[in-house]
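Since every read-out is calculated from the coordinates, none of them should be taken as a lab result. Keep in mind that what you see is a predicted model, and the values were worked out from it rather than measured. Quick reminder, even Gly has a Cβ in these numbers, built from the backbone with ideal geometry, and neighbours come from all protein chains shown.
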Amino acid sequence: MHLVLEYVLADDYLERRTALRADHLALARGAHERGELLLAGALPDPYDRALLVWTAPREVVERFVAEDPYVTQGLVTAWTIRPWDVVVG
């Protein structure tokens, strides 16, 4: 089973992310190295959303959200976790 974590990004996301980016990426890379996080990235033009695809239980994704500096420092204004029924791939 896959889960998709969708972030809604603040209007000033690009201006504010530099100070938090290293910590955010370290958290994401750790999840990737453990095999929990498959893919992650922002959607450009405009940079208003980001998608993170998981193969981990919901609790793991929720823990990531709670620890993510983008969330705790307000770069993410809302988020959702939804199951994804993959039919190809």
Helix 58-67: inclination vs the chain longest Cα principal axis, degrees, rounded to 10, gives 20 degrees
Taking Cα atoms only, helix 18-33 is inclined relative to the longest principal axis of the chain by an angle, in degrees rounded to 10, of 10 degrees
Toy charge model, Lys and Arg Cβ at +1, Asp and Glu Cβ at -1: region 2-52 dipole around Cα centroid in debye, rounded to 20, equals 220 debye
Once the dipole of the chain is set up from charges on Cβ (+1 Lys and Arg, -1 Asp and Glu), the residue from the list Ala66, Gly35, Thr77 lying farthest towards its positive end is Gly35
Taking Cα pairs closer than 8 Å and at least 6 residues apart, the relative contact order of region 2-84 in percent is 52 percent
